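In what follows, a structure is listed as structure tokens, so that the remarks can point back to it.
The values are calculated or read from the model by the stated rules, or taken from the named source; none is laboratory data. From a predicted model like this one, the values you see are computed outputs, not experimental measurements. When we count neighbours, we look across all protein chains shown, and the Cβ atoms used for this are built from the backbone with ideal geometry, even at glycine.
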Amino acid sequence: MEVIHKIGRRKTAVARVYVSSGNGNITINKKDLNTYFTTSTLQYKVKQPLTLTNNEENFDVKVNVYGGGITGQAEAVRLAISRALCEVDAENRTTLKPEGLLTRDPRMVERKKFGQKKARKKFQFSKR
């Protein structure tokens with residue numbers, strides 16, 4: 001099997017994933033999964049597409065991720081892995097689609113407007 005390259009995005013995080021046949025190693029920015037994403041919630045998010053398709057021990061995943069925070073990065077990695085698994089086997093799509101793992105989350109930070117403190121918050125109003 002050749003290396004499959006896919007991109008996943010979430011907020012301002014961008015993840016480039018390279019999936020190849022192997023024995024289940026996940027490397028993120030040249031670090032192990034457990035050292036890069038320390039909380040179990042984020043580790044679960046990254047492994048979710050592999051777990052649902054029963055491919056935890058079949059593929060090696062190498063990830064380059066940048067931008068955003070750790071949660072956005074984990075969700076970007078999840079999307080990229082899901083896309084790669086769909087290219088490996090079209091049957092995986094029927095498993096991942098109902099779980100919402102193939103949907104790019106469009107929510108972004110709203111821009112700050114002039115004359116206001118933040119995007120929606122206004123400066124304090126003084127009547128007198």
Out of everything in region 45-62 that is touching a residue at least 40 places away in the same chain (Cβ under 8 Å) and under 17 Å from residue 22 (Cβ atoms), what residue ends up being nearest to the chain's Cα centre (by Cα)? 49
Qualifying positions in region 83-99 - in contact (Cβ under 8 Å) with a residue 40 or more places away in the chain and outside any helix (DSSP H, G or I): 99
Of the residues that make up region 103-112, is at least one modelled with pLDDT under 95 and buried (at least 21 other Cβ atoms within 10 Å of the Cβ)? no
Restricting to region 18-55, name every residue that is among the polar types (S, T, N, Q), closer than 20 Å to residue 70 by Cα and not in a loop (DSSP other than H, G, I, E, B). 27, 34, 35, 40, 41, 43, 48
For region 4-14, indicate whether the set of residues that are part of a strand (DSSP E or B), surrounded by fewer than 16 Cβ atoms within 10 Å (Cβ to Cβ) and within 11 Å of the chain's Cα centre (by Cα) is non-empty. yes
Among the residues of region 100-107, is any within 27 Å of residue 20 (Cβ to Cβ), among the aliphatic types (A, V, I, L, M) and not in a strand (DSSP E or B)? yes
Given the conditions (1) of a type outside the set (Phe, Trp, Tyr); (2) loosely packed, with under 12 Cβ neighbours inside 10 Å; (3) within 16 Å of residue 92 (Cβ to Cβ), and given that residue 47 satisfies all but one, which numbered condition is not satisfied? (2)
I'd like to verify a number: residues in region 100-111 that are over 21 Å from residue 41 (Cα atoms) and without any contact (Cβ under 8 Å) to a residue 24 or more places away in the chain, how many? 3
Selected residue (criterion: surrounded by the most Cβ atoms within 10 Å (Cβ to Cβ)) from residues of region 63-99 that are more than 13 Å from the chain's Cα centre (by Cα) and within 20 Å of residue 41 (Cα to Cα): 96
Evaluate the following for residue 75: is it acidic (Asp, Glu), touching a residue at least 12 places away in the same chain (Cβ under 8 Å), over 17 Å from residue 19 (Cβ atoms) and part of a loop (DSSP other than H, G, I, E, B)? no
